[in-house]
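As structure tokens, the structure follows; a few thoughts come after it.
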Amino acid sequence: MQVTTIGIDLAKHVFQVHGVDADGSVVVRRKLRRSEVIRFFVKLPAALIGMEACPTAH
């Protein structure tokens, strides 16, 4: 899996992750609980990450 760009929607308990490769093809779509986020990103190579959060995410 060659993810180059990741979008993550931050929330209180569940995070939505969407990753694409250099061609813009979707290579990952996942729903992660807070406890799974670090384990998920440790396995990936370095990538550009964009975050989006609603007002209740903090």
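List the strands (runs of 3 or more DSSP E) inside the chain, counting only whole elements, that have at least 2 residues being surrounded by 10 or more Cβ atoms within 10 Å (Cβ to Cβ) and of a type in the set (D, E, K, R). I'd like the intermediate steps shown before the answer.
Values: elements: 5-10, 14-20, 26-33, 48-53.
Once the strands (runs of 3 or more DSSP E) in the chain are filtered for at least 2 residues that are surrounded by 10 or more Cβ atoms within 10 Å (Cβ to Cβ) and of a type in the set (D, E, K, R), what remains is 26-33.
Filter the range 42-58 for residues that are free of Cβ contacts under 8 Å to residues at least 12 places away in the same chain and more than 15 Å from VAL14 (Cα to Cα) and give the result.
Taking the range 42-58 first, the residues free of Cβ contacts under 8 Å to residues at least 12 places away in the same chain are 42-43, 46, 55, 58.
Residues satisfying the conditions are VAL42, LYS43, ALA46.
Would you check if there is a residue in the range 34-41 being among the polar types (S, T, N, Q) and either more than 12 Å from the chain's Cα centre (by Cα) or modelled with pLDDT under 95 (or both)? Yes, that holds for at least one residue.
The values are calculated or read from the model by the stated rules, or taken from the named source; none is laboratory data. What you see is a predicted model; the values in this text were computed from it and never measured. Please note: Cβ atoms are built from the backbone with ideal geometry, for glycine as well, and neighbour counts cover all protein chains shown.
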